[in-house]
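Note sheet for the following structure.
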Amino acid sequence: MYSSAPRRAAAAAGARHFSASAPAPTARAAALASALRDGPSLDDFAAGAASGGGAACATPAAPRKKAPRERLPEWLRVERPGGEDYTRIRKQMRSLKLATVCEEARCPNIGECWGGEKGTATATIMVMGDTCTRGCRFCNVKTSRTPPPLDPNEPLATAQAIASWDIDYVVITSVDRDDQPDHGAGHLAQVIRTVKELKPSLMLECLSPDFGGDLSRVALVATAGLNVFAHNLETVERLTPTVRDRRATYRQSLAVLTGARALAPEVVTKTSLMLGCGETAAEVRQTMRDALSAGVEIITFGQYLQPSKRHMAVSRMLPPSEYENWREEGMAMGFKYVASGPLVRSSYKAGEVFLEAFAKEKAEQAKAARALGEGKAAAARGGARQASAAAAAQL
Amino acid sequence: MSLVRALLTAGRSALAERGGVAAIRPFSRALAQPVRITFVDKDGSEVPVDAPVGKSLLEVAHENDIELEGACDGSLACSTCHLILDEVSFKKLKAPEDEELDMLDLAFDLRKTSRLGCQVKVSPELAGMRCQLPAGTNDMQQQ
């Protein structure tokens with residue numbers, strides 16, 4: 001009687017029948033033998049008809065036709081990363097427990113940037129952890145509603161690591177931290193300030209979150225002493241709701257860029273677009289016009305590449321010639337600099353030298369203008385900057 | 001009730017006499033049987049799989065190479081693991097939480113029997129369930 005429960009359950013699951021009356025191996029062997037005899041045969045498997053019983057087979061019953069995985073076009077193949085600089089930076093990252101977006105987002109340029117020529121290695125440090133509160137369809141970074149708490153030592157650790165490198169330009173980016181009261185704005189601003197304190201000559205670009213569109217938070221970051229404030233539009237307006245997390249919107253990101261420009265006039269603003277998500281050329285043009293109106297001076301275009309099977313499929317692979325067209329069109333439209341290519345990313349090294357020169361030149365011009373005394377306007381701007389810097393310093 | 005309990009107690013002690021845990025294994029083995037469910041791909045092709053109890057439909061899909069996105073790692077920040085279930089199975093499930101409903105509302109091709117794959121855990125009662133992948137995630141190809 002006690003055997004009826006397991007037998008019923010086993011039968012219901014369509015599994016092998018056990019004989020529960022005796023524990024001896026011979027009885028079990030007999031049961032197994034009968035299952036083998038009465039169950040699916042090799043011919044059944046070969047014909048794809050062996051679907052009886054859940055325990056019989058551990059794989060899909062019928063062979064599946066999988067769509068052939070397209071190989072990446074020639075221009076997207078990259079060399080495997082390696083070399084002295086790459087290895088040195090990798091070790092440093094681990095020992096200082098720093099996360100790089102290069103690794104977390106599986107950027108194809110990691111070998112090129114970290115192993116840059118003549119020691120021009122550039123890395124994009126990701127602060128506030130390696131886990132984001134948002135889940136955008138193009139991004140490989142881990143997502144969670146409750147990422148680990150912020151590390152109060154991070155600003156100093158980051159600054160020390162960066163200061164110990166022989167680099168002239170660093171990009172600092174972060175995940176979204178919608179779980180924090182200020183979305184992490186204060187923490188990010190502190191990272192920027194500390195880096196600049198330890199190495200004032202270092203050119204610093206921050207690829208910033210949208211902080212939910214709150215301009216007081218944007219101000220904290222934009223006025224923390226950086227040289228370039230970047231915030232990515234990612235894609236055209238029509239595709240934004242499906243490509244980005246719902247908490248990010250096209251208009252909100254434009255407002256962040258406009259706001260940063262107004263709050264920190266000397267800072268260069270920058271944005272980036274992924275191409276190949278299904279956008280039309282007309283839509284790209286409109287996005288470029290919107291960015292220009294927001295005061296953006298640098299724009300980059302790169303090919304969207306699917307980081308893993310769990311992410312959005314690529315709609316189109318644009319050939320290098322089209323990227324070149326966008327670069328020319330962008331320059332003609334009035335951007336100060338356009339970086340455009342299949343593997344170009346927001347912080348790709350290609351524009352670094354120019355950005356360096358450009359940002360330095362801008363800072364110098366602004367200084368000269370102030371020295372000449374542009375009148376109350378300059379004084380007022382300077383006062384406003386000092387006030388916001390003071391407010392930021394109090395945090 | 002007490003008769004059943006008596007029988008079960010007798011059974012359990014009898015089993016225990018015969019060798020402890022190894023003898024009790026038939027119960028847990030029955031419970032741990034993989035569950036046969038079928039994914040229906042966008043092109044209509046059917047993929048029967050054996051799903052381990054307790055895993056989410058999203059995990060099962062990924063383990064069987066089904067092209068189901070999971071952009072937010074199951075944190076209810078997107079609707080890319082949207083699946084359309086058969087009515088019978090759908091009714092067996094516990095009602096979705098508000099957070100899941102919020103994200104489901106934004107899913108493309110939403111149906112009465114839609115659920116997010118990351119929120120549905122495989123259980124034995126779902127044997128025979130059919131999970132249809134929706135036609136698309138949005139009008140991405142509009143040119």
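Take every Cα pair under 8 Å in segment A:77-370 that's 6+ residues apart, average their separations, divide by the length, and report that relative contact order as a whole percent.
Details: 541 pairs, mean separation 41.9, N = 294.
Result for segment A:77-370 is 14 percent.
Calculate the FRET efficiency for B:Arg111 and B:Thr38 from the Cβ-Cβ distance with a Förster distance of 22 Å, rounded to the nearest 0.05.
0.85
I need the phi-derived Karplus couplings for segment A:103-110: 6.51 cos²θ - 1.76 cosθ + 1.60, θ = phi - 60°, integer Hz, Gly and Pro marked x.
Values per residue, Gly and Pro as x: 7, 5, 9, 6, 6, x, 8, 3 Hz.
Checking a compactness column here: for segment B:49-118, what do you get for Rg(Cα) / (2.2 N^0.38 Å), N being the number of residues?
1.05
Amide H neighbours of A:Thr269 under 5 Å, at least 5 residues apart or on other chains, H built in the peptide plane: list them.
So A:Thr269 has HN proximity to A:Phe229, A:Glu297, A:Ile298.
Could you check how much of the accessible area of segment A:77-370 is carbon and sulfur, as a whole percent, using a 1.4 Å probe?
Details: 6210 of 11660 Å².
Carbon and sulfur: 53 percent of the exposed surface of segment A:77-370.
May I ask for the Kirkwood hydrodynamic radius of segment A:77-370, worked out over all distinct Cα pairs and given in angstroms to one decimal?
19.1
What list of ³J(HN,Hα) values in whole Hz, one per residue of segment A:256-270 in order, does the Karplus curve 6.51 cos²θ - 1.76 cosθ + 1.60 (θ = phi - 60°) give from phi, with Gly and Pro shown as x?
These are the phi-based 3J(HN,Hα) values: 5, 5, 4, x, 4, 4, 6, 7, 9, x, 7, 7, 7, 9, 8 Hz.
For A:Ala29 and B:Glu125, FRET efficiency with R0 = 30 Å and r from the beta-carbon atoms, rounded to 0.05?
On the way: r = 32 Å, r/R0 = 1.08.
Efficiency at R0 = 30 Å is approximately 0.40.
Hey, got the average number of other protein chain Cβ atoms within 10 angstrom for residues in B:120-127?
Rounded to a whole number, the mean comes out at 1.
Roughly how crowded by other chains is peptide B:62-74, in terms of the mean Cβ count from those chains within 10 Å of each of its Cβ atoms? Could you put the intermediate results ahead of the total?
Working: counts 3, 0, 3, 4, 3, 5, 2, 9, 7, 14, 13, 9, 4.
So the per-residue partner count for this stretch is 6.
Test of understanding: what is the full-extension gain from A:Ser293 to A:Arg77, defined as 0.36 nm times their sequence separation minus their Cα-Cα distance? Write out the running numbers ahead of the final one.
On the way: separation 216, 0.36 × 216 = 77.76 nm, distance 3.57 nm.
Once the chain is fully extended between A:Ser293 and A:Arg77, it gains 74.2 nm.
I want the local charge near A:Thr194. Using Cβ-Cβ distances under 15 Å, sum +1 for each Lys or Arg and -1 for each Asp or Glu among the other residues. Mind dumping the intermediate values first?
On the way: positive: A:Arg193, A:Lys196, A:Lys199; negative: A:Asp151, A:Glu154, A:Glu197.
For residues surrounding A:Thr194, the net value is 0.
With a 10 Å radius around each residue's Cβ, average the other Cβ atoms per peptide and rank A:297-307, A:150-160, highest first.
On the way: A:297-307: 22.7, A:150-160: 16.8.
Top to bottom by mean Cβ count within 10 Å: A:297-307, A:150-160.
Tell me, what ³J(HN,Hα) does each residue in segment A:87-92 have, in order and in whole Hz, if you take phi through Karplus 6.51 cos²θ - 1.76 cosθ + 1.60 with θ = phi - 60° and put x for Gly and Pro?
So the Karplus estimates, Gly and Pro as x, are 5, 4, 5, 4, 4, 4 Hz.
If each residue of separation counts as 0.36 nm, what is the full-extension length gain between A:Asp38 and A:Gln365 once their alpha-carbon separation is subtracted?
Numbers: separation 327, 0.36 × 327 = 117.72 nm, distance 8.78 nm.
Full-extension gain reported as 108.9 nm.
Show me you know the interface measure: the accessible area buried between A and B, both chains summed, probe 1.4 Å, in Å² to the nearest 100. Mind dumping the intermediate values first?
On the way: alone 20730 and 9310 Å², together 26590 Å².
Interface area, both chains combined: 3500 Å², rounded to the nearest 100.
Going by a 1.4 Å probe on protein heavy atoms, which residues of segment A:136-151 end up with at least 20 Å² less accessible surface in the whole assembly than in their chain alone?
Residues meeting the cut-off: A:Arg137, A:Thr143, A:Arg145.
How much net charge surrounds A:Lys309 when only the other residues with a Cβ under 9 Å from the Cβ of A:Lys309 are counted, with Lys and Arg +1 and Asp and Glu -1?
Values: positive: A:Arg310; negative: B:Asp65, B:Glu67, B:Glu69.
Surrounding charge for A:Lys309 is -2.
Non-local amide H neighbours of A:Thr143 (under 5 Å, H modeled in plane, Pro and chain starts lacking H): which ones?
A:Cys132
If you count, for every residue in B:42-48, the Cβ atoms of partner chains within 10 Å of its Cβ, what is the mean? Could you put the intermediate results ahead of the total?
On the way: counts 0, 2, 0, 3, 4, 4, 6.
Counting other chains' Cβ atoms within 10 Å and averaging over B:42-48 gives 3.
The values are calculated or read from the model by the stated rules, or taken from the named source; none is laboratory data. Keep in mind that what you see is a predicted model, and the values were worked out from it rather than measured. Cβ sites come from the backbone with ideal geometry, for glycine too, and all protein chains shown count toward neighbours. When the accessible area is computed, the model is the full protein with side chains, heavy atoms only, and any ligands, DNA or RNA have been set aside. Shrake-Rupley method; radii C 1.70, N 1.55, O 1.52, S 1.80 Å.
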